[in-house]
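The values are calculated or read from the model by the stated rules, or taken from the named source; none is laboratory data. All of these numbers come straight from a predicted model, not from anything done at the bench. Cβ: placed from backbone, ideal geometry, glycine included. Neighbour counts: every protein chain shown. Please note that ligands, DNA and RNA were not included when accessible areas were found on the heavy atoms of the full protein model with its side chains. Shrake-Rupley method; radii C 1.70, N 1.55, O 1.52, S 1.80 Å.
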Amino acid sequence: MDTPMSHSEFEELAAGYVLGALEPDDEHDFRRHLDGCAICEASVRELEAVVGELAYAVPPVDPPDTLWAGIRREIEPEAARRGVGATPGAAPRRVSRRLLPGLAAAAAILIVVALSVWNLSLRDENAAIRNRLTALEQATQLANDPSAKLVTMDEVPGPEGAQATVIASSRQDRGVLLVQSLPPLARDRVYELWGVPGGKIEDAQKALVFVPLRRQGVQALQFEVPIQPGTVFAITDEPGPDGSEKPTNQPLLVGAPPSA
């Protein structure tokens with residue numbers, strides 16, 4: 001006989017329910033619980049509001065004709081490598097041209113954001129999920145900024161399995177770091193994100209101090225730092241809890257902005 005869920009376990013299912021990502025049995029149990037629980041009803045309404053705002057954070061506009069060709073160059077090699085959407089003998093789908101303006105990699109940014117939402121841990125606490133959804137909403141807004149760039153941090157061999165991407169706006173001097181699978185650190189260590197003008201590590205500027213998630217999933221983190229068109233981003237391992245004013249170790253992950 002299965003052990004009944006505690007109320008805290010039902011609370012942890014709220015985000016998965018809102019995202020439509022629960023297993024059928026869990027969804028059935030949560031629906032039954034939701035009918036008589038004012039606390040979980042309030043949590044669901046709050047999460048639905050956040051997700052709804054994220055969906056409409058960027059209004060659709062008509063881009064220049066040159067943008068579509070640039071987007072295809074960004075996303076088709078990856079789609080071909082993964083075999084995404086490949087159905088033998090199927091006719092190609094007609095794709096809407098109402099996309100985000102000002103950035104050739106805008107479609108790739110939105111793909112990263114969407115995947116990040118679906119990779120949120122379904123057993124995370126609601127407050128942590130709301131914080132990450134807020135960061136993802138900012139990432140979506142930055143995609144509408146003509147000065148924003150998508151920086152994949154793969155310039156040097158990093159820790160096995162670790163991935164990091166920065167969406168950065170030089171106009172707003174702010175951005176979002178999307179990172180996953182960084183190895184855990186000793187208790188007195190932290191990771192630190194740096195903005196590196198012109199790639200000169202001696203001029204690195206502190207952007208963000210963070211610790212990795214203890215579970216699988218994408219971590220979305222907002223930051224502010226002076227950003228120039230040629231700013232490189234780097235992540236180092238630094239002493240905690242506040243990090244360092246300048247890097248004290250070689251970068252573990254580095255990303256340079258795409259050339260114009």
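Please compute the length gained on full extension between Arg214 and Ile39, using 0.36 nm multiplied by the number of residues separating them and subtracting their Cα-Cα distance.
Length difference between fully extended and current span is 60.3 nm.
Sticking to Cα atoms, compute the Rg of segment 173-225 to one decimal and its Dmax as the biggest Cα-Cα distance, whole number, in Å.
Rg then Dmax for segment 173-225, in Å: 12.2, 34.
Per residue, how much accessible area does segment 201-260 have with a 1.4 Å probe, in Å²?
55
Considering the options Gly230, Ile201, Pro212, tell which one lies farthest towards the positive end of the dipole of segment 191-250, charges being +1 on Lys and Arg and -1 on Asp and Glu at the Cβ, about the Cα centre.
The residue sitting most towards the positive pole is Pro212.
Within 10 Å, count the other beta carbons around each residue, average over each peptide in 9-15, 205-211, and list them highest first.
With the highest mean Cβ count within 10 Å placed first, the list reads 9-15, 205-211.
Using a Förster distance of 41 angstrom, determine the FRET efficiency expected from the C-beta separation of Val156 and Glu48, and round it to 0.05.
Step by step, r from the Cβ atoms, then E = 0.50.
Leu185 versus Glu224, label points 7 Å from Cα toward the beta carbon: distance in nm?
My value for the distance between the label points is 2.2 nm.
Of the listed peptides 193-199, 24-30, what is their order by residue-averaged count of other C-beta atoms within 10 Å, with the highest listed first?
193-199, 24-30
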